[in-house]
1. Does Gly256 qualify as being modelled with pLDDT under 95, under 18 Å from the mean Cα position of the chain (by Cα), crowded, with 16+ Cβ neighbours inside 10 Å and not in a strand (DSSP E or B)?
2. Go through the range 60-95 and give me each residue that's β-branched (Val, Ile, Thr) and out of contact with any Leu (no Cβ under 7 Å at 6 or more places or on another chain).
3. Residues in the range 146-164: is at least one of a type in the set (Asp, Glu), under 30 Å from Arg290 (Cβ atoms), in contact (Cβ under 8 Å) with a residue 12 or more places away in the chain and out of contact with any Phe, Trp or Tyr (no Cβ under 7 Å at 6 or more places or on another chain)?
4. Checking Ser93 against (1) more than 30 Å from Val160 (Cβ to Cβ); (2) open to solvent by 40 Å² or more (accessible area, probe 1.4 Å), which single condition isn't satisfied?
5. Which ranges mark the strands (runs of 3 or more DSSP E) fully within the range 273-371 that have 1 or more residues being open to solvent by 40 Å² or more (accessible area, probe 1.4 Å)?
6. Please count how many residues of the range 372-408 are touching a residue at least 12 places away in the same chain (Cβ under 8 Å), assigned to a loop (DSSP other than H, G, I, E, B) and of a type outside the set (A, V, I, L, M).
7. So Pro18 fits all but one of (1) open to solvent by 30 Å² or more (accessible area, probe 1.4 Å); (2) assigned to a helix (DSSP H, G or I); what number is the exception?
8. With the structure loaded, tell me whether Gly110 is surrounded by fewer than 17 Cβ atoms within 10 Å (Cβ to Cβ) and in contact with a Gly (Cβ under 9 Å, 6 or more places away or on another chain) or whether it fails that test.
Amino acid sequence: MESVWTEDTEIKRREPLPGDREVPAVVIGAGLAGILTAYYLQKEGIRTVVLEADRIGSGQTKNTTAKITSQHNLIYSRLIRTFGRRMAEHYASANETAIGEYERLIREKGIRCDFARCPAYLYTQTRPELLKQETEAAASLGIQATFGTGCELPFPVAGVTRFQGQARFHPLKFLAAIAKDLPVYEYTRVLAWQPGSVRTERGTIRAEKMIAATHFPFVSNHGAYFLKLYQSRSCVVALENAPDVGGMYVGAEKTGLSLRSAEGLLLLGGGGHRTGKKGGGWQELEDAARRYYPKARTVCRWAAQDCMSLDGMPYVGRYGGNTPGLYAASGFNKWGMTGAMAAAALLTDLVLGRESLYDGLFDPGRTVLRPQLAANALEAAVHLLAPTAPRCPHMGCALKYNALEHTWDCPCHGSRFTEDGTVLDGPANGNKKMRPVKKDAAHRF
């Protein structure tokens, strides 16, 4: 179940950490956010190394649909209501600036990664008034947004919001080019953090500044990320013999589909659900493909996993109140392409002691008093008290067997394991000794 991006990209292998080292800065995680942060720190003259438990780009970066867009579903009208116009303007600016910075980097370095400007569309089949509000809000913040009713989708829509000047690319080709000259140590899992150093399986790195770009923050006793984040899993199928839809599409409804063309294929996404819970999976997408593109054929399929914050904005900045020198980048809410670039810019400013417009906007220490907090706490309580086994080593929640992907998944915080206990996704920070357990109804979803 490899994504379409892995088919034609081979990123140069790197050696594991050879032993203890001392550097000014260390980035933990070699996905897009981590590599971009290390790249900009190096450009500023801050000697930086990157530690990766597996391979460069082996986490969620390879599973994205790679939409570089400031169109983040129904967000701008909500941001204005919740945080005020000034904060909403900063959010729009951070993401629009990220699109331009990708283009600048790609052109400056001559990176061949299929980068192309194209519009992004948010569509609805039921609530056009919501899209009209979103269009007005986005336009008032300086985004080129317009509302209409026509599009290239094969099913009727009640309304479409179009964001002009967005982009798409091949994420692994881009990542390979940006990581080319960076000191990255693969197969080097970080085991523990303490002020001024991180301990790995292969040695200790002493550093004044440390950035955790590990998708879900791995230090559990600081920052309360176990309450502030949950993980959502969604599926993608790549279809051949399907028409090019021109731009990039996402549905405003929970059951809406994501569509974009890439590599001569149509990428159809959807079936989102909380990790560890039941969702529509690939079958939902296969049914949609047969209905809307009867001549198409599925050539590959994969799943993505996203960290979802309490208020729809990322957590980027100081890891916690008592973690000197440690920073976090997480909670991109399915919009990790522009989120990673905005995070890299903010983290670079923080490490260098510079002021940033986006510090307060993405501050991990902002209020947690949001409705999603209660839902996260309830989910954790239910699965902590559940009498079933096996348990997640992260915080002890009962794991659920995912028959579709043959994995054990944690409904509390999204850790995932193979049937033999090999960790696939954090925040669990290592493998689990898994005894054979009957995959009965108590465990299965």
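1. So Gly256 does not fit the description; no.
2. Within the range 60-95, Thr64, Ile68, Thr69, Ile75, Ile80, Thr82 qualify.
3. Yes.
4. (1)
5. 297-308, 315-318
6. Adding up the residues that qualify gives 9.
7. (2)
8. no
The values are calculated or read from the model by the stated rules, or taken from the named source; none is laboratory data. Just so we're clear, the structure is a prediction, and the values are computed from it rather than from any experiment. Cβ coordinates were reconstructed from backbone atoms using ideal geometry, including for glycine residues, and neighbour counts include every protein chain displayed. The accessibility values were calculated without ligands, DNA or RNA, using every heavy atom of the protein model including side chains. Shrake-Rupley method; radii C 1.70, N 1.55, O 1.52, S 1.80 Å.
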